[in-house]
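K.L.:
Starting off with a structure, shown below.
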Amino acid sequence: MYKNIRTDLAIENREIYNQAKNAEDEIPGVKVETEQKNNIKITRVIIETKEGEEALNKPVGRYITLDIPNIYEMTAEDEYLISENISKELKLLFDKKPESVLVVGLGNENITADSLGPKVIDNIDVTRHILEYAPEEIEPNSIAVSAIAPGVMGMTGIESSEIIKGIVDKIKPDALIAIDALAARRVERINKTVQISNSGIHPGSGVGNRRKGLTQQTVGIPVIAIGIPTVVETAVLVNDSLELFIDKLQKENKSNQTLNELRQMENYEKIRDSLISTEYNLIVTPKEIDDLIENMKDMVARGINLAF
């Protein structure tokens, strides 16, 4: 049943698996590395085998998660450090430095919680045209960077993957970097987590609107995905609120066997089932999402620019 929980984050899939199986040991076929850099925690989940893929419900690949500070408590130095780490982790996913990359911003710019990808594109330093028409105006050893925000099928009538495949076939970049808003299982991860992976991306999968994927198999070149969770299900809010309520009662010395049993139940599944049946299991986002997107898109764009 744990596989029915909607999240785009590999680190959360690992947490959910361990909780469901009541296991603390590492999952067969999965390696985990952690690193602390100042106030940024980096977790690398490496799925190596089909067994690990089945356990975490994610394709074989590397999934790097940056847990970052509250955006309202960040200094300018914190923001630059996050961009530097995005840049470093991004470069490590390439076997060799590409000579050209296509950066794709997925999502709908008219919906704030889904606008991360298109907004990042606005801040990418594109160089392909300069290298072609005025190479003397650019630094030596620069690579050709092009960028596009293809929109969503509801606006274009075309799958994003079809648009991107056509561009890839035409300009033939060495690699593709896709940026998208993600769904999380924990409210606390909203706009405080960055995931970078080399397994591609399936737009809309976290909110139950799965589109055709962008992977090396579908576009023919390596695909690096960068995502930030901006939404959760109503069931997540209810479940997390229930846990906070239990914590509050326990701190007030009102703990009892019933509360402990309530915490141990699979509440998310029960809550989700009841909300779905009444069409109340909505996808929700924080009220300050405008500010959060504006800050996060700058850090992601800077990280990509630093890498190339």
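Throughout, read-outs are computed from the coordinates displayed, never taken from laboratory work. The model shown is predicted, which means the values in this text are computed figures rather than measured ones. When we count neighbours, we look across all protein chains shown, and the Cβ atoms used for this are built from the backbone with ideal geometry, even at glycine.
K.L.:
Return the loop-located GluC sites (Glu not before Pro) in the stretch 50-107 (DSSP other than H, G, I, E, B) with at most 14 other Cβ atoms within 10 Å of their own Cβ; answer none if there are none.
P.N.:
Answer in residue order: 99.
K.L.:
Same structure, new question: Ranked from highest to lowest mean number of other Cβ atoms within 10 Å per residue, what is the order of the peptides 33-44, 114-125, 156-167?
P.N.:
The densest-packed peptide leads the list: 114-125, 156-167, 33-44.
K.L.:
Over 23 Å between Cα atoms: which of 97/170; 91/297; 31/91; 172/297 fall into that group?
P.N.:
172/297
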